[in-house]
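As structure tokens, the structure follows; a few thoughts come after it.
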Amino acid sequence: MADTPNLFALESVLLDALRAALPANVQVGSGANLVGRQNLAGLCPAVLVTPAESMVGGADDDPEEGDTVTVEDETWTVTALVEFVRDRKDLTANFQEAGELLGRAYSALQGLRAPGYRTLVYTGRQPPAPTEQGVCECSIDFTVTRAFAPVEP
């Protein structure tokens, strides 16, 4: 299996870059940590990386030989989880903590170039998603392209 590519290889690179850029009190991990988790507030503050969409195409290397390189455009979502303490009297809850975490994540990842990949590009943010548990998920997306060598038949 040495020639088999790891389709989520970039996850570790992104996590390492985020751990280096974010304060020690922020938990940094994979979105896989949310699967089946009941207490999201126990993670806060946290920044999680999750593979999102993927688009695959091909580029001809040698049309006469039939060789093509598979090219994949990957989208990765970086999510900040912050706990909201609702104050019903003066409406002081806001998105600033999440915005600061995502700003640091943006600075750490925008322009990053991992081996085998093109440069990571920021593509936008998603609307905040408050949960029933008093936690808000705020996310930004990055895209990157990688190429796979032709597979021998």
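Given H placed on each backbone N at 1.01 Å, which residues far from residue 30 in sequence or on other chains put an amide H within less than 5 Å of it?
Under 5 Å from the amide H of residue 30 lie the amide H atoms of 49, each far enough along the sequence or on another chain.
Which ³J(HN,Hα) values, rounded to whole Hz and listed in residue order, are derived for the range 11-18 from phi using the Karplus coefficients 6.51, -1.76 and 1.60 in 6.51 cos²θ - 1.76 cosθ + 1.60 with θ = phi - 60°, glycine and proline given as x?
Residue by residue, the range 11-18 yields 3, 4, 5, 5, 4, 4, 5, 5 Hz.
Once the cut-off is 21 Å, how many percent of the Cα-Cα pairs in the range 10-148 end up in the long-distance tail? Don't jump to the answer; show the numbers that get you there.
Values: 4541 of 9591 pairs.
Result for the distance tail: 47 percent.
Each value in this text was obtained by applying a stated rule to the coordinates, not by laboratory testing. Note that this is a predicted model, so its numbers are computed, not measured.
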